[in-house]
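Written below as structure tokens is the structure these notes are about.
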Amino acid sequence: MDLYYIDYISVFGGSWMHRLPAKVKMISLAVVILLMLSVQSVHLLSATVSAVLIIAVTARLPMKIVLALMLYPSLFLVVILLSINGLTIIPALALVLRVLTITGAVVVFFLTTSYPAIFSTLSRILPGFIVVALFFSYRSMFVITDSLNNIRTTMHLRGGIDSRHPMATLQRIGMALGHFLVHSIETSDRMADALKVRGFANRIYYLGGKNE
């Protein structure tokens, strides 16, 4: 999944959902999650899933990405369904619809809300150090993605994963993981040094703007 494209959609989208204040969408998301945890009606759950998909369409979100992200929990959902004894069709369908609704609502929220607006809203209700930790965790996702893409390219150029030569494959994987670990630590140190030089004092300030 292209994180840069997802971030681009959330920042530069111009739909009615993108223009809603972040705090309104955050409260709505919390209400949907709490509602889905208590609702048992398959009809109501189906209607809510349909509403989430309609919102995604009217917000002009790329449905391939929306549906792909909504289906990410499918593997865990299958494991849960298989682990419950005596599960009938109706409860199973309700569980599936509940997970799809919550996942879809979260996906729509992040695809229509820029990360500065999200962290600006969180800074009003959470301690500053938690917001900073969340912000840098979000930023690190992009750094890690770039690093993994470079490692994948390097692995491919060096022969990739070859089942005919398991020892050589394990050696390449070990070297790749070692490089990834060293690169992550080095990148983290460089980021910390750059922030200190710029006067960072364990607090992020948001100047306002889109989706505030």
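The values are calculated or read from the model by the stated rules, or taken from the named source; none is laboratory data. In this text the structure is predicted, and so the values were computed from the model without any measurement. We place every Cβ from the backbone using ideal geometry, glycine too, and count neighbours over all the protein chains shown. Keep in mind that these areas ignore ligands, DNA and RNA; they rest on the heavy atoms of the full protein, side chains included. Shrake-Rupley method; radii C 1.70, N 1.55, O 1.52, S 1.80 Å.
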**Q.** Per residue accessible area of the chain, 1.4 Å probe, in Å²
**A.** 64
Q: Scan (1) 53; (2) 57; (3) 28 for the value of percent of Cα pairs over 26 Å apart calculated from this model and give just the label.
A: (1)
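Could you tell me what percent of the accessible area of the stretch 81-141 is made up of carbon and sulfur, with a 1.4 Å probe and every protein chain present?
Details: 2320 of 3100 Å².
Ligands and nucleic acids excluded, carbon and sulfur reach 75 percent.
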Q: Find the lysine pairs in the chain meeting two conditions, Cα atoms under 26 Å apart and a separation of 8 or more places or different chains, and report how many there are.
A: 4
Q: Go through Leu75, Ser123, Ser41 and say which Cα lies farthest out towards the positive end of the charge dipole of the stretch 1-124; charges sit on Cβ, +1 for Lys and Arg, -1 for Asp and Glu.
A: Ser123
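Loop-only check: which trypsin sites (Lys or Arg not before Pro) in the stretch 90-192 are DSSP coil with at most 15 other Cβ within 10 angstrom?
Arg124, Arg158, Arg164
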